[in-house]
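Worksheet for the structure shown next.
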Amino acid sequence: MKDLHLHIDTVRRLLRRHARSNLENMLAKMHAAELALIFRHITPEERNEAFLTIADVDHAAAVMSEMDEHLIEELITELPIEKTMMLMKAMSPDDEADILQLLPEELAEDILNRLKSSESEEMETLMAYPENSAGGLMIPDVFALHEDITVGEAIASIQNQDEQEMVFYLYVVDERQHLVGVISLRDLITSKPMKKLSDMMITRVHSVNPLTDQEEVAQIVSRYNILAVPVVDDANKLMGIITVDDVIDVIREEATEDFLQMAGAGRDRDILLKSTFSNAKTRVPWLFASWIGGLLVASIITTYEDTLGQVFALMAFLPIIIGMAGNVGTQTSTIIVRGIATGRVSTANALKLVFKELRVGFLLGGLYGLLLGGAGYLLSSSGYMDIGVMNSVELGITVGLGIILSMAIAALVGALVPVLLHRMNLDPAVATGPFVTTSVDILGVVVYFVVAGFFIL
């Protein structure tokens, strides 16, 4: 972090002094990811000037590919169209398509018209796929080998390749470009030159369809520990590959979206870069849901006004019961949502996990029920609280049962709601925020006063 602040200060100082040559040398020596991080922390004017100072087009394109989407959109709209064209041509097709989708329609159309017809068609094909799909992530310039060639011929073919995306896997196709196998680069160079690829390739290949969701692609890479995933059409024809660097970005993006949604802060990954008004606007709907829930809780408490009037001490324990139940609900739903995202929670084991979390809720509720019930008994029996028509034992049982049932219900709701949303093909991350918390608050208050009413009557 010290180096980051030092680099930011240095960039700003060189910009103020108009020391373009020194700044150019500094930026040329830094990694693209480091520069993208620096650009996040300087003003738009400084960012534009510093970016234009990067002399190497390939380096500038790499920096732009590493930048946040919001900053890319802001930066590229200020660049001369000629500079933009040079950057786009230096990027991989998938990055190029991603950036085009960020731009205003007129600017994107202008860039597409300026590209060669073959490049333009390729970009339009990639842009036609849904944003979070395998088709939108794939690199179409995939290197493939025919199944009938020998190892020696394959190695010679590899040595003649310049532009295709090369990874540690080599995909094998038949005469119709159908994917039939895969060979690791290591196995290829350690095999005898006259050996045919069809005799050594692995025929079981983990592949995805262009419309496969990017989260499922990430799960495949994580589950099988592979560095790339081939993309095939319905006829199993090889269309492209998705490399592990793009998958890492997907994992980070999906995790960020889940955490933001679980906190009720929307799903915009660039929320920290938004204006104050935009930031507040994003949170309004979620907080409004909590506000409505609060009104419902207040109306329920008012309904049980007579009960509170007879035993005013009940009100003293209400915040503890609501707070503990809310924590259990959030913990449970977070565990389930993360399990769904990583593939550990599926339709087959969902019901079993729901009942497991219910048992956990009862176990935790039992522990804190004994503690809170004991505290209620001691405080009331010592005369510290006005317990009205109740005696100390009844108050202790009421608050103890109240927290046991509230925490058990919270665990059930926190586990069940994400599972149901997932079954309905909705994003389960939305369940962990205000929805679960508000539901748990309402149910916890009702259960608590129902138990209290039983003893008062």
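Return the only residue of A263, A228 being farther than 24 Å from A144 by Cα and either modelled with pLDDT under 90 or of a type in the set (F, W, Y) (or both). Spell out how you get there, then give the answer.
Numbers: A228 fails: farther than 24 Å from A144 by Cα.
Every option except A263 fails the conditions.
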From L370, L318, L401, L364, grab the single residue that is in a helix (DSSP H, G or I), modelled with pLDDT of 90 or more and in contact with a Phe, Trp or Tyr (Cβ under 9 Å, 6 or more places away or on another chain).
-> L401
Heads up, the helices (runs of 4 or more DSSP H) in the stretch 29-134 (entirely inside) with at least 2 residues that are assigned by TED's automatic domain parsing to the domain that holds L14, more than 28 Å from Q214 (Cβ to Cβ) and under 23 Å from the mean Cα position of the chain (by Cα) are none
Scan (1) surrounded by fewer than 16 Cβ atoms within 10 Å (Cβ to Cβ); (2) part of a strand (DSSP E or B) for the single condition S222 breaks and write down its number.
-> (2)
Scan of the stretch 225-249 for residues that are more than 23 Å from D187 (Cβ to Cβ) and crowded, with 19+ Cβ neighbours inside 10 Å, ordered by number | M239, D246
Every pair of residues 6+ apart whose Cβ atoms lie under 6 Å, when the first sits in the stretch 364-383 and is of a type in the set (G, A, S) while the second is not in a helix (DSSP H, G or I) = S380/I387
Does at least one position in the stretch 108-125 carry a residue that is acidic (D, E), at pLDDT 80 or above and surrounded by fewer than 16 Cβ atoms within 10 Å (Cβ to Cβ)?
-> yes
With respect to the numbered conditions (1) within 21 Å of M88 (Cβ to Cβ); (2) outside any loop (DSSP other than H, G, I, E, B), which one is the sole condition not fulfilled by L6?
-> (1)
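Let's see how each residue does on (1) among the β-branched types (V, I, T); (2) within 26 Å of E49 (Cβ to Cβ):
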| position | (1), (2) |
| --- | --- |
| D68 | no, yes |
| T77 | yes, yes |
| P80 | no, yes |
| K89 | no, yes |
| P104 | no, yes |
| E109 | no, no |
| E122 | no, no |
| G135 | no, no |
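So is L188 over 31 Å from the mean Cα position of the chain (by Cα), more than 20 Å from L126 (Cα to Cα), aliphatic (A, V, I, L, M) and surrounded by 14 or more Cβ atoms within 10 Å (Cβ to Cβ) or not? Break it down into steps so the answer makes sense when it comes.
On the way: over 31 Å from the mean Cα position of the chain (by Cα): yes; more than 20 Å from L126 (Cα to Cα): yes; aliphatic (A, V, I, L, M): yes; surrounded by 14 or more Cβ atoms within 10 Å (Cβ to Cβ): yes.
Yes.
Of the residues T77, T53, T84, only one is among the polar types (S, T, N, Q), modelled with pLDDT of 90 or more, more than 20 Å from D246 (Cβ to Cβ) and out of contact with any strand residue (DSSP E or B) (no Cβ under 8 Å at 6 or more places or on another chain); which? Break it down stepwise before answering.
Details: T77 fails: modelled with pLDDT of 90 or more; T84 fails: modelled with pLDDT of 90 or more.
After applying the criteria, what remains is T53.
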Residue list for the stretch 191-217, restricted to those being in a helix (DSSP H, G or I), farther than 20 Å from F143 by Cα and more than 38 Å from the chain's Cα centre (by Cα) | none
Can you spot a residue in the stretch 338-346 that is surrounded by 15 or more Cβ atoms within 10 Å (Cβ to Cβ) and among the basic types (K, R)?
-> yes
Selection from the stretch 217-243 of residues that are out of contact with any strand residue (DSSP E or B) (no Cβ under 6 Å at 6 or more places or on another chain) and in contact (Cβ under 8 Å) with a residue 40 or more places away in the chain | Q219, S222, R223, I226, L227, A235
Please verify whether the stretch 385-395 includes one or more residues that are in a helix (DSSP H, G or I) and surrounded by 20 or more Cβ atoms within 10 Å (Cβ to Cβ).
-> yes
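The values are calculated or read from the model by the stated rules, or taken from the named source; none is laboratory data. None of the values given here were measured: they were computed from a predicted structure. Using ideal geometry, Cβ is built from the backbone for each residue, glycine included, and neighbour counts are taken over all protein chains shown.
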